[in-house]
Each structure stands twice: as structure tokens, then as C-alpha cells.
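Below is one structure, written out as C-alpha cells; the observations come after it.
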Amino acid sequence: MQITPLVWTAGNGFGATGSVNGVAATSDTFQITGVVILPGIQAPTAAQSPFIMRPYDQELLACKRYYRKMGGLGVADALCLQGWGQPTFTTTIALEPAMRIPPVITRVGAWTVSNTTVAFYIATNSFCVQLNATATGYVMCYNTDATGYLSLDARL
């Protein structure tokens, strides 16, 4: 029942006249964050409170086990490899901390691949990018879009 705001009334009011029920439809969502459920019947003390949430640097390391985005910094930097006259050009990129499982690597954005095929060899702690020449001349794989990046996904 909606009631006129700031007016004393008898009965139970569940909202002000004209208010909108944010979860009235099945397509609505209601999200709460920062809630911690702890065992026991006592609330944490002020001294215990900082230990409930991990510090940012620890949380970031934990997140990097599941997903990484390499590049996308406003320059064509996600992956720039080139070589001349080599049938195979290889580079290895370390992943620290190691990912949970070998990630799926996806090139996102506009990429130029010239005179080569691109292969990724993936482990949890590193991945190897190999360019295999398909013609003479420069072999290249690089991001031509300032918003492009490599997506490394090891989520469930």
C-alpha cells in the first residue's frame, strides 16, 4: 500500500505515493554488494573488520588467475611481432601469477596479420606466440586499433 509522504496515517505503508517498485517485474534486478556472512552469532569487532575484505593488491592477484586483458591502452600495443626472412618467429610471455587453467586467448579489435599464420601455445604460467611465414618478406601480427587487446580467459 502506498501512502502520502510526511503524513501520519493508520495502517502499514510500504512506499510513498508515486514511488516505483524496483522489483515488480521478473526482468528487474536487485543487487547488493559488500555483504559478508560470517559464522557465529556475534558481529565482528572494529579490529576484525579490516580482515573481512582482502586488500586491493591481493584481490587483483586473485582475479588475474581467471582473466587478463593485455593491451587496449590507447596505442597499438597488445601484440606487435615482426621478423624478416625467418620461417618461424616465436616469443614467450610470462603470466605472473599463473592462471587457474590454460586460458583461451582471443584477439579483440582490428589486427593486421601479414605473410604469416599465428599460433598460440598456452600454459598456466606463460604463453608462446608463434608466427609461421607463409611468404617471403616481413611476417607481422599487430594491433591496428587503439582499443584492441588480447583477452586471456580462464574463468569457469
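The values are calculated or read from the model by the stated rules, or taken from the named source; none is laboratory data. Model, not experiment: these values are computed from the prediction. Positions of Cβ are generated from backbone atoms using ideal geometry, with glycine treated the same way; all protein chains shown enter the neighbour counts.
A few comments on the model shown:
- Identity of the residue in segment 125-156, in a loop (DSSP other than H, G, I, E, B) and under 14 Å from PRO102 (Cα atoms), that ends up farthest from the chain's Cα centre (by Cα): ASN125
- Taking (1) among the small types (Gly, Ala, Ser); (2) farther than 30 Å from THR33 by Cα; (3) surrounded by 12 or more Cβ atoms within 10 Å (Cβ to Cβ); (4) modelled with pLDDT under 90 in turn, GLY72 satisfies each apart from (2).
- Test: residue in segment 61-69 that is modelled with pLDDT under 80 and within 30 Å of VAL139 (Cβ to Cβ): no
- Considering each residue of segment 19-41 in turn, none proves to be in contact (Cβ under 8 Å) with a residue 40 or more places away in the chain, more than 30 Å from MET140 (Cβ to Cβ) and not charged (D, E, K, R).
- Residues in segment 51-67 that are loosely packed, with under 10 Cβ neighbours inside 10 Å and either more than 19 Å from the chain's Cα centre (by Cα) or aromatic (Phe, Trp, Tyr) (or both): 2 in all.
- Residue identified as assigned to a helix (DSSP H, G or I), modelled with pLDDT under 85 and over 30 Å from ASN132 (Cβ atoms) among PRO44, PRO50, PRO39, PRO5: PRO50
- Filtered residues of segment 28-50 (kept if loosely packed, with under 10 Cβ neighbours inside 10 Å, hydroxyl-bearing (Ser, Thr, Tyr) and farther than 28 Å from ARG100 by Cα): THR29, THR45
- Every test in (1) in contact with a Gly (Cβ under 6 Å, 6 or more places away or on another chain); (2) more than 30 Å from CYS63 (Cα to Cα) is passed by ALA135 save one, and that test is (1).
- One residue stands out in segment 124-156 among those that are closer than 14 Å to ALA94 by Cβ, in contact with a Leu (Cβ under 8 Å, 6 or more places away or on another chain) and without any contact (Cβ under 8 Å) to a residue 60 or more places away in the chain: the one that is surrounded by the fewest Cβ atoms within 10 Å (Cβ to Cβ), namely ASN125.
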